[in-house]
Amino acid sequence: MFPHRVATPAPPTRPNHAAGRSNRWLQGFAESHYYLLVPLASIVIFLVVMSLILWSLNRRETEQQQDTLYRNVAWAQQQIRLNMLSIQDQISSLARDTAAAPQGLGHFASAADEMMQNHPDIVFMNWLNAEQRPQWAVPSDSPFAARLQASKDSPMEDALLVAFRAARDSRRPAYSTLLYDASGMSYIALEVPVLRGREFLGTIGVVYSVEGMLIHELPQELGNKFKVSFVDTHNKELATTSTRPPSPRDVSSELLLDPPGHSLLVRVYSYPSVGNFVNNTLVWLIVGLSCFVLWSLWSLWRHTRQRFEAQQALFNETSFRRAMENSIVIGMRVLDLQGHITYVNPAFCRMTGWDEADLLGHAPPYPYWPDDDIYEMQRRIDMTLRGKAPSHGFEIRVRRKNGSVFYARMFVSPLVDAHGRQTGWMSSLTDISEPKRAREELAAAHERFTTVLESLDASVSVLAVDKAELLFANRYYRQLFGTRPEGHLELSDGALESAQASSDSIDMVDAYAGLPAVALTDTASETQEIYLPSRQKWFEVRRQYIQWVDGHLAQLQVATDITARRQAEELARQEEERLQFTGRLMTMGEMASSLAHELNQPLAAINNYCMGTAALVRAGRTSPETLLPALEKTSQQAVRAGMIIKRIRSFVKRSEPKRQPTSIYEIVADAVGLAEIEARKRRIRIVTELPAGLPQIYVDPVLIEQVLVNLLKNAAEAMQNHTPPPGLRRDLSIRLHVRRQERAIEFTVVDHGPGVDETAIERLFEPFFSTKSDGMGMGLNICRSIIESHHGRLWVENNYAGDVRSGCTFFILLPFDADTSSVGEA
Ligand code: ADP
C-alpha cells in the first residue's frame, strides 16, 4: 500500500548519488570505528593523568609517611635515649655514692630494687670491682650474675668485658653489644665506672632487656600508632610492639640507637593508614569509573551500530519508497484534516502540471479544480473530509496548469500515523482520459454497430452450437421470430436443429461441438436460398461458424428476404420463356411459306401417288405388284410430312423449360432439318461436320435447337442476295461445325454472306436491332439469353479471305460436363 506516514517528505529532487555517497561514508565510518577513537584516547589520557596524579599523590604521601616515620623514629630514639640517659645518670649517681661511701650491699640493693621497680626493663644490676670481682648483684640469682662476673671459673663474656674495659679505660659509662639468653631474648648491658677521684673502683653493670626497653622506655602513644621494633645489624627483629608479620609493602624507618648500643636499630613501621585507604578507594573508583566509561563507550558503540543499522534500514526503506514514489504513475495527494494539501507526489505534479509549491498548504478550492466544477468539487471535498467518500472513488475533471482538462478517478482513504491516529486523507489520482475516451469510442462504435445491425433489412442471428442458445439477434430477426432460437434453426434448413427438438439434432450438435472450432471457423461462409413456408418468404441465408466472444463455437446466420427478388426472377423467367416461345413462333411465321411449300411437296406427291393408284384401280390393273410401290411411296411421303409437322410442333410447343441429357446429334439433326427447308428455298446448302463420340449435354434441347435454327436462318438470309466482292467465288454453303473442347462443346455457324459491320458487332445482340426491313431484331438477343442461361457464350466474328471480308462465324460455347455445378442446376 501507500506510505501512511507522510509528515514532511524529503524533496523528491534530491540527487540519489549524493545519498549513496553519504551512505558509503557512513558505512565506512561505522566499519572503521573511527568515531570511537576520540573517546577511547581521552579515556586513556584520563587514565594516564589519573595514574600520574595518584602516583604523585602516593609518592607524596609515602614521602610524608616516611617523614612522619622518620620524625617518629627519631622521637622514639630520642625518648629511649633520654630514658636510658636518665637511668645512666641514676646509675652514675649510685656509682658516685658507692665510691664515696661504700655503705655496703644493703644500700645498694635497695637503690637497685627501687631502680628496677621504676624501670622494669632493667633485669639485672651488679657491682664489679676493679678486678672484676662481683660485690653484689640484684637479683643475685639472675643468670646474668655469673655472666657479669669474671672469676676463674667463669670468665666474663667478651661483650661485657669489652664494655667493662671501655668503662674502665674511658672512665665513662659504656654499653655492651647485644647479649642473648638461652631462650634467645636479647639484652644489652651498661657498665658505669665507679670512680673515686682518679681511682677506678669497678663498675656498676645494668642489663636491659631489649624487649623491656621497647615496652617501658618507648612513649605509649608511639607504640599505639606504629609498630616499633628493635632490630640488630643483621636485620633480625629483637623486639616489637606488634606481632603483625612484616610485609614487604610495609613502610618503615629506622635509626641506630647509639650510644645505648652499637648494634641496635629502632625501626618504626606505619600501620596501614586512612590515607592509603582513601587512595586505594580513589584508585579503584577511578578504575571502576574508567571501566564504566569503557562499558558506556562499548554500549554507545553498540547503540550507535544498532542506530546505524536502523538508519541504514530506514535509508534503504526511504530510498525504496522514494524510488517507488517517483516511478509510480498514480498521483498521490495528502490532505490534513482541515483539507490543506500537505503532500503531493511527483506523478501528481506531472499529471496536473502544477508544482509542489503551487499546491502545498493550499486549502479548497484547489488550483486544479475546473471553474465549472467548483461547486461539485467542493461538495466532494466536504464529503471526503467528513469521511463519506465512496469506496469506488470519484470520477472528477482536473484542470492542468496550462488550462487543459482531463478526466481522472480519485480514491480516498484515511491517513493514519504510527500511533493509530488519523492525521489526514490520502487520495490517489488516476488519469482515465484515455480509457474513458477508448470506452466512449468503443461505446460509439458499439452503438454504430448496433444501429447498423438493428437497421439492417436482414435477420442477423448467432446461435451457440453446443447449447442451441441464441447469443445474438437483431431487430429484424426479433420481428420475425422473437427471441427464440427456432427461427435460426428454421433458417439453417436443418443444418442445426434445436437440441430439444430431436435426438438426431442432439447428435448433430454434439458432432459440431466435437469439431475443432478453428476447422469450422476457417471454412468460408456458405450461401443458401431457403423458402420458409410458415412465413411464405424466400431468404438468402449466409452462414458461417465463428468463435464467439466467450471462445465458444457459434453459428452466425445472415438471412436476407429475397422474396421480392425471387418473384421478379420468376416473372422475368416467365417473360423470357414467353419471349423465347414468341421467338420460335416468329421464326416459324417467317418460315411459314417455306414450311408450307415443304409440306406441299409430300402432300402433292401423296396426291399424285393416290391419283395414280386410283387410275390403276379404275383401269383394273390392280395387282399387289403395281399398287404396293405406289402405296409405299405414299406412306413415305406421309411420314416425311408427319416428320415436318412433328418438328414444327416440337419446335413451337409451349413447354416449361426442361433441361435433360441430350444428344448433340439429335439437336443438330432437328435444327438442320428445319433450317434446311428455308435454306433450300434459297438454294443454299447446309453442310454439317460432326465428329463421332460427342458427349451428351445437359440442356433444354428445344432452346438450343431454336438458337441453331436462328443462326442458320440468319446465315441463309444474309447469303441470299449477297454478291461476293470481286475476286471471291460465290459459295452458297453454310457450314455447321461441332467440336469438342476440353470442358465445352463449340458450335460454329460459318456463312459466306457480307459479314457484320465491325462497329456494330456487339449491337447485333441488343433487342430490336435489325438491318432488315421486316426484321424484329429479337432473334440474336433471344439466342444469347438462351446460351447464357445455359452458362455458355455466344459471339460473332467476321471471316476474312486475305483482306476481304468473306462472311462471318457465330460461335456457341456450351459447357458439357453434366456433373459439374457449372453446367446445370440440381
Ligand atoms: P432479324 O433477323 O429480325 O433482323 P436478328 O436478331 O436475327 O433479327 O438479326 C439482327 C441483325 O443481325 C440482322 O438484321 C442482320 O443485320 C444481322 N445479322 C444476323 N445474322 C447475320 C449474318 N449471318 N450475316 C450478316 N448479318 C447478320
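Residues of the range 740-754 being among the β-branched types (V, I, T) and either more than 8 Å from the ligand (Cβ to nearest atom) or part of a loop (DSSP other than H, G, I, E, B) (or both), which ones? Talk me through it step by step, then tell me what you get.
So the first thing to find is which residues in the range 740-754 are among the β-branched types (V, I, T), and the list is 745, 748-750.
Within the range 740-754, I745, T748, V750 meet the criteria.
If I go through the range 535-553 residue by residue, how many of them are touching a helix residue (DSSP H, G or I) at 6+ places or on another chain (Cβ under 6 Å) and open to solvent by 80 Å² or more (accessible area, probe 1.4 Å)?
Number of matching residues: 1.
Pairs please, first residue from the range 649-677 and among the small types (G, A, S), second anywhere and assigned to a helix (DSSP H, G or I), Cβ atoms under 6 Å, 6+ apart in sequence or on different chains.
Final answer for the pair search is A671/E705; A671/L708; A671/V709; G673/R647; A675/V709; A675/L712; A675/K713.
Has the range 765-774 got any residue that is of a type in the set (F, W, Y), in a loop (DSSP other than H, G, I, E, B) and at negative phi?
Yes; the residues of the range 765-774 include at least one that is of a type in the set (F, W, Y), in a loop (DSSP other than H, G, I, E, B) and at negative phi.
Only one of (1) modelled with pLDDT of 85 or more; (2) closer than 30 Å to L470 by Cα is not met by A572, so which one is it?
(2)
Can you give me the ranges of the helices (runs of 4 or more DSSP H) entirely in the range 346-452 with at least 3 residues that are open to solvent by 40 Å² or more (accessible area, probe 1.4 Å) and closer than 23 Å to R322 by Cβ?
It comes to 356-359.
Out of curiosity, is T563 of a type in the set (V, I, T), surrounded by fewer than 17 Cβ atoms within 10 Å (Cβ to Cβ) and modelled with pLDDT of 90 or more?
Yes.
Among D181, D232, D250, which is over 18 Å from W75 (Cβ atoms) and at pLDDT below 80?
So the residue among D181, D232, D250 that is over 18 Å from W75 (Cβ atoms) and at pLDDT below 80 is D250.
Output the number of residues of the range 760-788 satisfying the condition of being in contact (Cβ under 8 Å) with a residue 12 or more places away in the chain and of a type in the set (S, T, Y).
Summing the residues that are in contact (Cβ under 8 Å) with a residue 12 or more places away in the chain and of a type in the set (S, T, Y) in the range 760-788 gives 1.
Just checking, how many residues over the range 284-330 are within 30 Å of L54 (Cα to Cα) and open to solvent by 80 Å² or more (accessible area, probe 1.4 Å)?
Just the residues of the range 284-330 that are within 30 Å of L54 (Cα to Cα), to begin with: 284-301.
Filter once more, so that each one left must be open to solvent by 80 Å² or more (accessible area, probe 1.4 Å): 284-285, 289, 292, 295, 298, 300.
Total satisfying the criteria: 7.
Count, please, the residues in the range 701-712 that happen to be closer than 13 Å to I648 by Cα and either within 60 Å of the chain's Cα centre (by Cα) or within 16 Å of the ligand (Cβ to nearest atom) (or both).
Our first condition is that a residue be closer than 13 Å to I648 by Cα; within the range 701-712, this holds for 702, 705-706, 709.
Okay, now just the ones that are also either within 60 Å of the chain's Cα centre (by Cα) or within 16 Å of the ligand (Cβ to nearest atom) (or both), so 705-706, 709.
Qualifying residue count, the range 701-712: 3.
Taking the range 672-700 as the search range and keeping residues that are open to solvent by less than 30 Å² (accessible area, probe 1.4 Å), over 15 Å from V750 (Cβ atoms) and assigned to a helix (DSSP H, G or I), which one is nearest to the ligand (Cβ to nearest atom)?
E678
Anything in the range 661-671 that is open to solvent by 70 Å² or more (accessible area, probe 1.4 Å) and either farther than 14 Å from E746 by Cα or assigned to a loop (DSSP other than H, G, I, E, B) (or both)? List them, or say none. Write out each step before concluding.
Residues of the range 661-671 open to solvent by 70 Å² or more (accessible area, probe 1.4 Å): 661, 665-666.
P661, E666 - these are the residues of the range 661-671 that are open to solvent by 70 Å² or more (accessible area, probe 1.4 Å) and either farther than 14 Å from E746 by Cα or assigned to a loop (DSSP other than H, G, I, E, B) (or both).
Within the range 765-799, track down each residue that is away from the ligand (no atom under 14 Å from the Cβ) and exposed (fewer than 15 other Cβ atoms within 10 Å of the Cβ). Even if it seems obvious, please write down each step before you answer.
Just the residues of the range 765-799 that are away from the ligand (no atom under 14 Å from the Cβ), to begin with: 788-793.
Within the range 765-799, E788 is the sole residue that qualifies.
If D153 passes every condition in (1) of a type outside the set (G, A, S); (2) modelled with pLDDT under 85; (3) touching a Lys or Arg at 6+ places or on another chain (Cβ under 6 Å) but one, which one does it miss?
Unmet condition: (3).
Can you name the condition, by its number, that T203 falls short on among (1) open to solvent by 10 Å² or more (accessible area, probe 1.4 Å); (2) over 30 Å from T62 (Cα atoms)?
Condition not satisfied by T203: (1).
Of D803, D757, which residue is free of Cβ contacts under 8 Å to residues at least 60 places away in the same chain and more than 12 Å from the ligand (Cβ to nearest atom)?
Just one listed residue meets the conditions, D803.
The values are calculated or read from the model by the stated rules, or taken from the named source; none is laboratory data. These figures come from a predicted structure and were not determined experimentally. Heads up, the Cβs are rebuilt from the backbone with ideal geometry, glycines too, and the neighbour counts pull from every protein chain shown. All accessible areas refer to the heavy atoms of the entire protein, side chains included, with ligands and DNA or RNA removed. Shrake-Rupley method; radii C 1.70, N 1.55, O 1.52, S 1.80 Å.
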